[in-house]
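In what follows, a single structure is set out as structure tokens and then discussed.
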Amino acid sequence: MAKKKKDDILNLDAVLFKCRDILRNARNSGSFFEKRDLMLTLVFLRFIGEKFEDGVRDLRAKLKAQGLDPDDPEIQKAFFEDPSFTDGTYNLPPEARWQTLLNIPAPQLNAALDTALERIEAMTPQLKGCFVKGTFTARALASADIKKVVDEVDKISHKKFGTEKDLIGRVYEYFLKEFAVNATKEEGEFYTPHDAVQLIAALIEPFDGTLYDPCCGSGGMFIQSAELVQKKQGDISRINIYGQEKEAATWRLAKMNLALRGLSNHLGTMSDSTFTNDQHRGLYFDYIMANPPFNLKGWWDDSLSHDPRWTDYGVPPASNANYAWILHILSHLRPLSGVAGFLLSNGALADPDARSIRQHLIESDKVEAILVLPRELFITTDISVTLWVLNENKRGGKYHGRNLRNRSGEILFVDLRAWRKNAVKGEQKKKVMLDSNQIARAAEIYHRWQEEGTDGRDYKWPELYRSVGKDEIERNGYSLIPSNYIEFVDHDLAIDYPEEMKQVQKRMKTLLAREKKSREMLVEAFEGIGYGIE
């Protein structure tokens, strides 16, 4: 087989770079956010069109296997004209199908794209509110420019880039990284890396029941968790998804992203702040997974002064939202059984302004594990990050087929900062990732600590993990910094100093002998020519 040339291998970043370049140079392409939303809407049309095409092909094959003629008008009516196919594929009207749009003359393309969105939304209640009216006609890109972008987006296919990943989320991440000089991290404009989501899911195992993300972004947590559930038991219908998102464009993207995967969801009736308008107030969830905006400022509102979420722990500092997120998450965990895994900046581990809240969390036994992660996991920020696990049941019992021991009064600390061997190639800045073996190893450390037969008083490994009791944490001022508890090995102590000194003395004797020999030879040489050396 002839070896493929490098140019023949399609690269996702290269395609997206071309789209970005076209939009940067096009007139009327709008702000960063408008460019991003236009691109993501096109990618959605591309993906839902591809899903439709795949569904038609698969359904035709199944019908033929059953001895039925897929071209028979009655068969067409019975199977192909339903609102959706049996696998959840949306049955798109002809004017909303990607292949139709590809063949629209360039001057009519903006109007045709908006018509496609209107038809999809009208036929699909789950997508209501996903699209901005006049997305393409309001921008009115030149016909040549919109045609170029559509042709580039046509190259982005799950068949080429893999079905196992959150591909629309990856496109979202790219545009944050490449466009976003003005997309602030404080507004939550970053995408959670695939490996970080996999790690959280591997720890808390959200296999059934209700799953909630209070700052769900583009929905990546849900999608990647659903993939894990499918791998474990194959039935994603056992998970009920709830979420909320403040940014309107990102909320619409999440609804599109989940619709593409056939995942039913409850993302609220609108985009809004989780703090000032909690759209799931009063609900409790079996699992919570989240990656809140790090060190979010400007979140505070005077209406929150007496919010019931702070009742048992105190009002969180207004300086940043880290502890507000913690208390919000805790308020939605199902009593006696709920478990949460979420990411926060390392500053939350010992924030002096939140010491009292942190003390209450520890004393009430809500914190189960703290895992500090390697730097540079995120593309859009290199901030150091910690994974927190809260658990409403540390008393033990059955959990997903495992027998858990009573872990009351203990917290597991894990330090993964040294796990940096997997550099991600092709990134402009340094980035690392956790591979599947590392994720499995971290989960094994956590699960083994939980299980019956483990002695928490002696569960430790130097420079990696250690189980710590509340008394020791109290003596450390209720700090949750793992390095305060995990044993650090002074590698110099491993040196055999007596033997090392023997070797040093031996080398010194050799050097002195060589010096003495050289001096004797020099004296002889000078005496031979009539000079003496003192």
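Summary table
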item	result
Matching residues, the stretch 349-361, being among the small types (G, A, S), in a helix (DSSP H, G or I) and surrounded by fewer than 22 Cβ atoms within 10 Å (Cβ to Cβ)	S356
Test: residue in the stretch 382-400 that is touching a residue at least 40 places away in the same chain (Cβ under 8 Å), surrounded by fewer than 14 Cβ atoms within 10 Å (Cβ to Cβ) and over 19 Å from the mean Cα position of the chain (by Cα)	yes
Any hit, the stretch 82-101, residues being more than 34 Å from the chain's Cα centre (by Cα) and surrounded by 15 or more Cβ atoms within 10 Å (Cβ to Cβ)	yes
Entirely in the stretch 396-493, the strands (runs of 3 or more DSSP E) that have 1 or more residues that are polar (S, T, N, Q)	402-404, 465-469
Neighbours by Cβ (under 7 Å, 6+ apart or cross-chain): first from the stretch 244-258, in the same structural domain as G217 (by TED's automatic domain parsing); second of a type in the set (S, T, Y) and surrounded by fewer than 23 Cβ atoms within 10 Å (Cβ to Cβ)	E245/S271; K246/S271; K246/S273; E247/S271; A248/S271; W251/S271
Selected residue (criterion: farthest from the chain's Cα centre (by Cα)) from residues of the stretch 334-377 that are farther than 19 Å from W310 by Cα and charged (D, E, K, R)	E368
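The values are calculated or read from the model by the stated rules, or taken from the named source; none is laboratory data. All of these numbers come straight from a predicted model, not from anything done at the bench. Glycine also receives a Cβ, built like all others from the backbone with ideal geometry; neighbour counts cover every protein chain displayed.
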